[in-house]
Structures are given as C-alpha cells and as structure tokens.
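*Asks:* Below you'll find the structure I mean.
Read-outs throughout are calculated quantities, based only on the coordinates presented, and are distinct from any laboratory measurement. In this text, all values refer to a predicted model and were calculated from it rather than measured experimentally. Note: ideal-geometry Cβ built from the backbone for every residue, glycine included; neighbour counts use all protein chains shown.
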Amino acid sequence: MSKWLCALLSAAALSLASPGHAQNYPTKTITIIVTAAAGGVTDVVARAIGQKLGEAWGQQIIIENRGGGAHIIGASAVANAAPDGHTLMVAEAGTFVINPALYSRDKIPFDPDKAFAPITGLVRIHHAMITTPSFPANSVADVIAMAKAKPNSVTYGTAGVGSGPHVNIARLQNVAGIQMVPVHYRGATPSLNDVMGGHTNMMLISVSSALPNFRAGQVKMIGIGSPKRLPEVSDVPTIAEGGNLPGFIAGTWFGMATTGGTPPDIVRKIHAEVVKIVNEPAFRERFLAKQLYEPMTNSTPEFEAYIKSELQNWAKVIKEQNLAIAH
C-alpha cells in the first residue's frame, strides 16, 4: 500500500510538472548560433529576430557566428547543446537539406534526423549573379561561353560547401555543360569581399546583399535567379533569360531550429513568438521588404514536412545530375 501510494504521488507530481516547461522559459541568456560569418543574410535575419525576442522575453540574446566546415561547425554546437531551448540555430537551407544529402553519415558529427528540433522557416531570397568589375563577361551567356572555351578558367566564390550559392552554381554548370572552380568561404560576406577585390571572378549572393555594391559600381550584376525580373532592378535580366536556360531559378531559404529533445511546449513557445515577429506588419515593412526578403513562416509540423521534402528533392538532384561538389 505504501509503495502504491508513493508511486501515485510521484505520478501526480510529474503530471503537474511536465506541462510547465514553457511557463518559465526562458530562464537565462539565449544564444542564437548563426552557421555563417557575420554580415550575410543568415546573420542579418538572426540579429533582427534576436533583438525582437530579447524585447519580448526580457532576456539577453547573444548572436554567435560559427561559420566554416560547410556550416557543420555551427550546427554541431547546437546539436550538442542542452535540450532546453536556450540555444537556437538560424541557418541557410544547406544546413537542413543539402549537407545530409551531400555527406555520408560518418562525415557529419551528429545524427541529422535527431540532432535538431525544427521550429519554423524564416525567409526566402533570390540570388544575384555578380562579377568583379574587370571580369570581361557582361551576361550569363558570356560566362557560359568563357567557361566552355576554357574549362576551369572561371572562379566563383561560395558561402561554404553545400550552401545555396554553391549548389546553385553547381546546378548551372550541369545544365550548361561547363566546369568552373569553386572557392569556399565561411559565409557570403567574405566571399563578396573577394569578388569586389578581384580575387575571384564571380558568385551568387542575395540580391539585397549585392545591391549596395552594385549601385556603387563595385560589382557587376549580370543576372538574377528569380522567375521574372525584379522591379527594384528591372534592367537586370533573369539568369534564365540571360543565359538561355529556360526555367532556371536560383535562391535559397533560411530557418530556425533548436536542439533535438527540447520539450515540445518550449518549441511551441519559441515558434509562436518568432512567427509573431515575422508576421508583424511593421517588421515586414521596415525590415523584410527593404531587404527583399520573402517571409516563409509555417507551423512546426509544416516546416518539418518541408525539410523532408526538400531533402528528398536535393538528394535526387545531386544524384541524377551528378553534381560535382568540390571540397
């Protein structure tokens, strides 16, 4: 009888305690790991949302940039953190769906299926193809012609192995039947700096990141990976029309996750606040619209399903097109 009573009291205590994970969350500083170098879209989005989270929750938010290692370094930090929601990750699509399709499991120091608790998508972007001003190509067709005439003579910067700027160029090479040389960086910003400095010939980067330098004459913008021309740069053709590549688009998306095993009620609380921030009209007008970012929030189950779908799509593309992802 005594044992039965103790068990009953223990069960009652657990039933009272278990729903309370999110009631006091957050209880300490929150760290948002950005899987790329400072200055790129991942970093800009994380800082904007982090500021709003800090205001809403009254806790300090630390943004920690951990680029490099094909973004696996930053992802590993989140995978190995305490599963309590106080370590978040903002990452580009490559972290969620390219790396698991690109690398064998022994090359990634965590289980991609269990390491993270997805929260929500954040934003989508279109990529602009930019070149150093002295590069002789003035169109995507010119780049293709140069690369065909002299394979491996054109260099392009990336935001890391498996990043959108990398795999989208790899797709373009496959479709156009050309071969160029990738130069990998810890994020889009250091790659952009080397394009401006003439150390690499070209790259794909978000339109918003390229625009200031394009308008200042520091880079040439020769194509945009959107389905149709953008009003903000209507004189720049799409990559599809400029390179005679019907249907070709180039862009990527960004999302938020936390450590796998984090209690679902904490994940729901984070999700609710982040979606509230992104859907706030003032935030969309003053931040997203000005950066040419498209909002991409969804429910956590929808985001999980989207990741699975994207992973299958990219695994198929990588296999069928035999994409050469140099390291």
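*Asks:* Does segment 104-116 hold any residues that are surrounded by fewer than 22 Cβ atoms within 10 Å (Cβ to Cβ) and within 21 Å of residue 306 (Cβ to Cβ), and which are they?
*Replies:* So the first thing to find is which residues in segment 104-116 are surrounded by fewer than 22 Cβ atoms within 10 Å (Cβ to Cβ), and the list is 104-115.
Within segment 104-116, 108, 110, 111, 112, 113, 114, 115 qualify.
*Asks:* Kindly check whether there is at least one residue in segment 90-100 that is outside any strand (DSSP E or B), more than 22 Å from residue 168 (Cβ to Cβ) and under 20 Å from the mean Cα position of the chain (by Cα). Step through it out loud before you land on a result.
*Replies:* First, pick out the residues of segment 90-100 that are outside any strand (DSSP E or B): 93-100.
This time we only want the ones that are more than 22 Å from residue 168 (Cβ to Cβ), so: none.
The answer is no; no qualifying residue exists.
*Asks:* State whether one or more residues within segment 215-224 are surrounded by fewer than 23 Cβ atoms within 10 Å (Cβ to Cβ), of a type in the set (A, V, I, L, M) and either part of a helix (DSSP H, G or I) or touching a residue at least 12 places away in the same chain (Cβ under 8 Å) (or both). If you could, list the steps in order and put the result at the bottom.
*Replies:* Step one: filter segment 215-224 for residues surrounded by fewer than 23 Cβ atoms within 10 Å (Cβ to Cβ), giving 215-218, 220-221.
Applying the additional criterion that residues be of a type in the set (A, V, I, L, M) yields 216, 221.
Adding the requirement that they be either part of a helix (DSSP H, G or I) or touching a residue at least 12 places away in the same chain (Cβ under 8 Å) (or both) leaves 221.
There is at least one residue in segment 215-224 that is surrounded by fewer than 23 Cβ atoms within 10 Å (Cβ to Cβ), of a type in the set (A, V, I, L, M) and either part of a helix (DSSP H, G or I) or touching a residue at least 12 places away in the same chain (Cβ under 8 Å) (or both).
*Asks:* Looking at 305, 240, 272, 257, which one is part of a helix (DSSP H, G or I), buried (at least 18 other Cβ atoms within 10 Å of the Cβ) and small (Gly, Ala, Ser)?
*Replies:* Numbers: 305 fails: buried (at least 18 other Cβ atoms within 10 Å of the Cβ); 272 fails: buried (at least 18 other Cβ atoms within 10 Å of the Cβ); 257 fails: part of a helix (DSSP H, G or I).
One residue alone meets the criteria, 240.
*Asks:* Sticking with this one: Among the residues of segment 187-200, count how many are crowded, with 24+ Cβ neighbours inside 10 Å and of a type outside the set (Ser, Thr, Tyr). I'd like the intermediate steps shown before the answer.
*Replies:* If we filter segment 187-200 for residues that are crowded, with 24+ Cβ neighbours inside 10 Å, which is where we start, we get 187-188, 191-192, 195, 200.
Keeping just the survivors that are of a type outside the set (Ser, Thr, Tyr) gives 187-188, 192, 195.
Here the count works out to 4.
*Asks:* Which of the residues spanning segment 34-91 are among the acidic types (Asp, Glu) and farther than 23 Å from residue 193 by Cα?
*Replies:* From segment 34-91, those among the acidic types (Asp, Glu) are 43, 55, 64, 84; that's our starting set.
Scanning segment 34-91 gives 55, 84.
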